[in-house]
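Notes follow once the structure below has been shown.
The values are calculated or read from the model by the stated rules, or taken from the named source; none is laboratory data. Please read all numbers here as calculations on a predicted model, not as lab measurements. Counting neighbours? That spans all protein chains shown, and the Cβs are built from the backbone with ideal geometry, glycine included. All accessible areas refer to the heavy atoms of the entire protein, side chains included, with ligands and DNA or RNA removed. Shrake-Rupley method; radii C 1.70, N 1.55, O 1.52, S 1.80 Å.
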Number of protein chains: 4
Amino acid sequence: MATYICLTREGAEESDLRELADRITALGGTLETRSAGGRTLLITKADSAVVLEAELTRSAQVARIFDGDRPHPLAGREACPERTVVDIGGVRIGGGRPVLIAGPCSAENPDVLMEAAAAVKASGASMLRVGIFKPRTSPYSYQGLGRDGLSALRDARQEFGLPIVSEVMSVRDLDAVADSVDLMQVGARNMQNYSLLVEIGRTGRPVLLKRGMAATVADWLNAAEYLLAYGCRDVVLCERGIRTFERTTRFTLDLNAVPVVKELSHLPVIVDPSHGTGASRYVAPMSAAAIAAGADGLIVEVHPRPDEALSDGDQSLDFEQFHALSAHVGRIAGALDTGLAAAPESLMAGSLPTRNSRAHD
Amino acid sequence: MATYICLTREGAEESDLRELADRITALGGTLETRSAGGRTLLITKADSAVVLEAELTRSAQVARIFDGDRPHPLAGREACPERTVVDIGGVRIGGGRPVLIAGPCSAENPDVLMEAAAAVKASGASMLRVGIFKPRTSPYSYQGLGRDGLSALRDARQEFGLPIVSEVMSVRDLDAVADSVDLMQVGARNMQNYSLLVEIGRTGRPVLLKRGMAATVADWLNAAEYLLAYGCRDVVLCERGIRTFERTTRFTLDLNAVPVVKELSHLPVIVDPSHGTGASRYVAPMSAAAIAAGADGLIVEVHPRPDEALSDGDQSLDFEQFHALSAHVGRIAGALDTGLAAAPESLMAGSLPTRNSRAHD
Amino acid sequence: MATYICLTREGAEESDLRELADRITALGGTLETRSAGGRTLLITKADSAVVLEAELTRSAQVARIFDGDRPHPLAGREACPERTVVDIGGVRIGGGRPVLIAGPCSAENPDVLMEAAAAVKASGASMLRVGIFKPRTSPYSYQGLGRDGLSALRDARQEFGLPIVSEVMSVRDLDAVADSVDLMQVGARNMQNYSLLVEIGRTGRPVLLKRGMAATVADWLNAAEYLLAYGCRDVVLCERGIRTFERTTRFTLDLNAVPVVKELSHLPVIVDPSHGTGASRYVAPMSAAAIAAGADGLIVEVHPRPDEALSDGDQSLDFEQFHALSAHVGRIAGALDTGLAAAPESLMAGSLPTRNSRAHD
Amino acid sequence: MATYICLTREGAEESDLRELADRITALGGTLETRSAGGRTLLITKADSAVVLEAELTRSAQVARIFDGDRPHPLAGREACPERTVVDIGGVRIGGGRPVLIAGPCSAENPDVLMEAAAAVKASGASMLRVGIFKPRTSPYSYQGLGRDGLSALRDARQEFGLPIVSEVMSVRDLDAVADSVDLMQVGARNMQNYSLLVEIGRTGRPVLLKRGMAATVADWLNAAEYLLAYGCRDVVLCERGIRTFERTTRFTLDLNAVPVVKELSHLPVIVDPSHGTGASRYVAPMSAAAIAAGADGLIVEVHPRPDEALSDGDQSLDFEQFHALSAHVGRIAGALDTGLAAAPESLMAGSLPTRNSRAHD
């Protein structure tokens, strides 16, 4: 039994697809449809790969055809002749120049965020990361500003012109987050929260997908496949450490995943050395190592006063440490004949990526 | 700084709590409130444990006080003088007699469900498990019947009088699932989906909480703590295998967790040998081992024709194998001076646990 | 290219084998010989499995032929039509009745050993375990009595008539240990110490092979294969916990390995819940679980006064706890229609297994 | 109870130490002695740290005193005011310039070795690695040339002037290997083979200590502690991958260990990306990453024709790939303001490190 995954042309109507479904049924095959952003995803099966592919190729409704018998039809290396470059407000992730994303673990208050944004921009960050919904292990720990923090994100975005990365933890908050940030993050603990992946996928918006702490690379690419299958085009993978028996680091940052992902997928991959190690003193060497391994960027926790941070202070750099890290990884990038990506020249207010506008073109 | 977690008396109003908040503030402490089912959860802190505890004890609004400096204030062993027994339609989990829960991985169609329900009941199961929302690794795999399957659950429940366990994957489906099943399951992949835990907690309904595949026992009890802190009282823990380097089994079923959980928590713990091993031929020995280790029950995948199952066929028992397993674990339970829990004598239609009616009494 | 592993008849001389080697060379194949106790092991390869097998079958020098293309030619399930039963001084491991092996982690002095031997025998142990060479993580920790302890082992053996299990850590001590104990143990840390395996194998003496803490079941069976390929016939496997991310137990005792090994190998398998959990309070439930899972025995640390033990006191049972454990696992064995193996009626002084006498008959 | 570990002055006699032992006994303390190369190691304990330290400081027999209550008295960071630089025939490991060690997994025949030695030297390697004793998972796999290969090592050493690294697997071969190689390797599978560590330690010769695949960093430093406590001074640590659940790489190369070891120990640390990943295509990026993380060198498998290698062909680079790797990591080292270590200008025949000559001076 051969399987092909297809994306229809934009604007294809259900009635247009009925004829195709009939023809595939006539071949003894099956066609299942799913809404995927502005398009429809088709899961087609038939006994003969040749006959099925011919039928799909002939259909005016079908825009792209992917081999469904590969492990990751849309996320796999063969799905895309060229590597995917994800453009976030002018910052190109996967475009050759490593991207430095930095900011506080949580926006405890707008002042901390503004202070950090100014400092990381001055030190070479081209995007700002900040948490307002925080997945905390204990229900009694500080849980982030929540929706009240979204306006602080928009303010920082406008004032410093840096695209914003922030985590979305619940479908309840999806629309609000999508309207305030440039790159939505799916955290490690939600990597296999499939209902969240489906709904985020349908927005067609770019996603930063962190690797689950028990996720094999195959699991991780399957999570990316969910996002792509439901309408995302722009997925950035992020290695952030896996669970092992070792105890000197909070997790084991798995840099092997960088060349492995480059081989198995066309998607860009960045590295989070802050959560991956859990200790600020290991962030600089592991950042340099990540860039040398070929990562497309770093996402680093920076706080004005790590000792006072309400979460993750142990793994946050202060401004001076981040400035040194930026120079250090810049030298490594230089040795690879490139340099760090620059911040966008002008990031328009209200210029958040349109939903689904460019999904799977 | 001392921390106490408190549950207010039912019906306590915000105005009633304001005075308490003022008194704690006057002590230099803090009081934070969260809605927890029909009550309010208070997170109180002050420099002096003695003074703070005295203030809380004196308050008419405070029903119960827990030591917030323990790792798991509500889920930990010290929170409850006696072990929690979770009563699901008359089936008591944690009450001394191991409970046998069985059924198909997914209700592919109502007939399979009815066929399986009849067989597992005849062989000694006292509850029926069945998936209608399926967290599948690939977006192209069969995803379950979804909401369309809920009526099949209700039909099976009524016809066979067995309480139903089924997974809820999204807050979108929470109300619908809560109205159709007796025991809502949080799957391994959602164990740290905190926004789901919070909303389920608020229903006050019983929950089967599977251990995440990278979750330490401490992480798992923290997830239970979320449920308890937001209004659940009845949490059943379920060990289902962790990720290790070993490859002969799909996961490594960690039976050590059974005595560990018994030591650290008052909550009952059952074992899923089907997902834990991923192979039907290992289910019987690991079931026997789980009961011998002290587990309060088993949840086992059973399918009329495992070869034809749309998901997890490799790990499903057929009816004959399940019948043998039931007899086998019954003998083990007998050696422990007990026996398997019986199915409920009469399970009323519409007798689903009332939401929050008995949360934290 | 087909591979067959052969054992020659006892007494086959090199000259006898030369002709066979010539014939295999004439077929375009190869023959490599290795000393394996009283016999010779042949590793033969040729293009045609049929032709090679015919040649080997015809040879009067070849006693047994094993398929070298199977993962574990000698240790694998197919190598032996019946399960191997290892007879240690009359105690049959793998013979249906679980064997209880117990004793102190280390023989700190002869009195402790004698005291423990008397107690564990009275409570139902049929073999005595005791360490005199101790693999300690720190070079400054107590390292065991060493060779000075061997006479204590012999004294205890004679006085109580229990066969002795003790670890051998170095080829330097191999002869001395072989002359004093009934069952030599290879510890987890030496499971892939191949030069030790080879030399132990050549003695032809029974071996208790503990699983390495990072060893897959396949690795473990390969270590057994070394012992068998060099002359052992009697290998008892012992699960003792693997390294995982979980921290409430010192290791994760992997009981799944019991049914897995039963499926993949003909060798008996026992379980060490003391090292596997690292905590005496988990030893009883995990012992019961091991027997329920089908283990052929248990090896348990017992000390007169665990608080005073020079090593592993945290995981040692006192006499009363061991007595209760023995009764408890006896009941579990009873539920499986069997009972614990009895101690040997009379264990002759000097009746240690002869070296190689029965290797591969 | 305070513990101090001491090294005596060279030439201290047992009689000299008796007086010290008497004085410590008079304090109510204990003194245990162990032979440690040309010196004696003292393990001293007493109730009062101050009194004990004063006694030891006063003794003319005591050359150095280490705090025995630290996790790794000799291997830990505090034991040595400056980082240890290990000089192997003029190549300084840990001296600032990363050292490139390369060669074939096994010297299948002298020609392969000579061919590889010429090529890796031409491409910038400063030391030659080659296996003649091979720890193979299967007893039927190629086991290396064994002792017959030692002369080939000496020939290559003399012809190319590169110091040799090779594994010693058994105490039986220890003297022979010590007389033929510059840096003896303890393999991952023998990292906790304590009797081997003790005997190697007593030679006082430099050791490359690979991390066990289940070894925490603490376990690894304890193994180094064994070597140091028995007479080695020059231990080079080598990260080579740990066992995790991930399956795209053979092991998970744990580069986090590089900065962790730099923090916890004064010993140099190098990285083996060949065994760590198990795939030649990941060796270059992980080599660059290792250097960027701060590793003191690399040990890389190189073979003239990897497809024909009798072991580890999948992970071996060919000459062209190694040449590119050398240039690549050279650029990374350049970005860190250093460069690769050069091969020794002249390596005298017979200039193998004298045993114990400089142990603990």
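Under the condition of being within 14 Å of chain A (Cβ to nearest Cβ) and either touching a helix residue (DSSP H, G or I) at 6+ places or on another chain (Cβ under 6 Å) or closer than 26 Å to C:R205 by Cα (or both), the residues counted in the stretch C:222-245 number 1. The C-beta contact set for the stretch C:297-320 (first residue part of a helix (DSSP H, G or I), second residue charged (D, E, K, R) and surrounded by 20 or more Cβ atoms within 10 Å (Cβ to Cβ), distance under 7 angstrom, 6+ apart or interchain) comprises C:Q315/C:E301. Quick one: how many residues across the stretch C:217-245 are surrounded by fewer than 24 Cβ atoms within 10 Å (Cβ to Cβ) and over 17 Å from the mean Cα position of the chain (by Cα)? The qualifying residues number 0.
Restricting to the stretch A:125-143, what's the tally of residues that are in contact (Cβ under 8 Å) with a residue 24 or more places away in the chain and over 18 Å from A:D175 (Cα atoms)? Qualifying residue count, the stretch A:125-143: 9.
Considering only the stretch A:73-103, how many residues are assigned to a helix (DSSP H, G or I) and without any contact (Cβ under 8 Å) to a residue 24 or more places away in the chain?
Adding up the residues that qualify gives 1.
The residue of the stretch A:251-260 that is farthest from D:A290 (Cα to Cα), among those that are away from chain C (no Cβ under 14 Å) and either open to solvent by less than 10 Å² (accessible area, probe 1.4 Å) or under 16 Å from the mean Cα position of the chain (by Cα) (or both), is A:V260.
Quick one: is A:G149 open to solvent by less than 10 Å² (accessible area, probe 1.4 Å) and modelled with pLDDT under 95? In short, yes. The combined condition, being at pLDDT below 90 and within 28 Å of A:V181 (Cα to Cα), is not fulfilled by A:E82.
Checked against the criteria, B:A284 does not count as within 13 Å of chain C (Cβ to nearest Cβ), at pLDDT 95 or above and open to solvent by less than 10 Å² (accessible area, probe 1.4 Å).
Selection of first residues in the stretch D:197-209 that are farther than 18 Å from D:I88 by Cα and of second residues that are of a type in the set (V, I, T), restricted to Cβ pairs under 8 Å at least 6 apart or on distinct chains, gives the following pairs, ordered by first then second residue: D:L197/D:V186; D:E199/D:V171. C:E263 falls short on exactly one of the conditions (1) surrounded by fewer than 19 Cβ atoms within 10 Å (Cβ to Cβ); (2) at the interface with chain B (Cβ under 9 Å from one of its Cβ atoms); (3) farther than 28 Å from B:E246 by Cα, and that condition is (3). Filter the stretch C:3-16 for residues that are crowded, with 17+ Cβ neighbours inside 10 Å and modelled with pLDDT of 90 or more; which is farthest from C:A75 (Cα to Cα)? Checking each candidate, the answer is C:T8.
Sub-7 Å Cβ pairs linking a first residue in the stretch D:111-124 that is touching a residue at least 40 places away in the same chain (Cβ under 8 Å) to a second residue that is of a type in the set (S, T, N, Q), at least 6 apart or interchain, are D:S123/D:S326; D:G124/D:S326, ordered by first then second residue.
Can you name the residue in the stretch D:16-50 that is assigned to a strand (DSSP E or B) and free of Cβ contacts under 8 Å to residues at least 40 places away in the same chain and, of all such residues, is nearest to C:S141 (Cα to Cα)? Checking each candidate, the answer is D:E32. Which residues, taken from the stretch D:249-279, are touching a residue at least 40 places away in the same chain (Cβ under 8 Å), more than 18 Å from A:T277 (Cβ to Cβ) and in contact with a Ser or Thr (Cβ under 6 Å, 6 or more places away or on another chain)? Of everything in the stretch D:249-279, those that are touching a residue at least 40 places away in the same chain (Cβ under 8 Å), more than 18 Å from A:T277 (Cβ to Cβ) and in contact with a Ser or Thr (Cβ under 6 Å, 6 or more places away or on another chain) turn out to be D:H266, D:L267. For B:E108, the conditions (1) at pLDDT 95 or above; (2) within 14 Å of B:V302 (Cα to Cα); (3) part of a loop (DSSP other than H, G, I, E, B); (4) not aliphatic (A, V, I, L, M) are fulfilled apart from (1). All told, B:S151 falls short of being under 18 Å from B:V86 (Cα atoms), in the same structural domain as B:A107 (by TED's automatic domain parsing) and of a type outside the set (A, V, I, L, M, F, W, C). Looking only at residues of the stretch D:134-165 that are within 14 Å of chain C (Cβ to nearest Cβ) and outside any loop (DSSP other than H, G, I, E, B), we find that the one that is farthest from C:T3 (Cα to Cα) is D:R147. Just one of (1) over 14 Å from the mean Cα position of the chain (by Cα); (2) open to solvent by 10 Å² or more (accessible area, probe 1.4 Å); (3) within 11 Å of chain D (Cβ to nearest Cβ) fails for C:A188. It is (1).
Looking at B:R39, B:R70, just one residue is of a type in the set (D, E, K, R), surrounded by 13 or more Cβ atoms within 10 Å (Cβ to Cβ) and within 14 Å of another protein chain (Cβ to nearest Cβ), and that residue is B:R70.
What number of residues within the stretch C:296-322 satisfy the criterion of being of a type in the set (S, T, N, Q) and within 24 Å of C:G334 (Cβ to Cβ)?
Adding up the residues that qualify gives 1.
A:T248 satisfies every condition listed in (1) in contact with a Leu (Cβ under 9 Å, 6 or more places away or on another chain); (2) at the interface with another protein chain (Cβ under 10 Å from one of its Cβ atoms); (3) open to solvent by less than 10 Å² (accessible area, probe 1.4 Å) except (3). The residues in the stretch C:191-213 that are surrounded by fewer than 24 Cβ atoms within 10 Å (Cβ to Cβ) and at the interface with chain D (Cβ under 9 Å from one of its Cβ atoms) can be counted, and the count is 3. The number of residues in the stretch A:170-184 that are open to solvent by 20 Å² or more (accessible area, probe 1.4 Å) and either hydrophobic (A, V, I, L, M, F, W, C) or away from chain B (no Cβ under 14 Å) (or both) comes to 2. Every listed requirement among (1) within 30 Å of A:E167 (Cα to Cα); (2) under 23 Å from the mean Cα position of the chain (by Cα); (3) more than 14 Å from chain B (Cβ to nearest Cβ) is met by A:R64 save one, (1).
Against the criterion of being closer than 26 Å to B:G339 by Cβ and either more than 14 Å from chain A (Cβ to nearest Cβ) or of a type outside the set (D, E) (or both), B:V302 qualifies.
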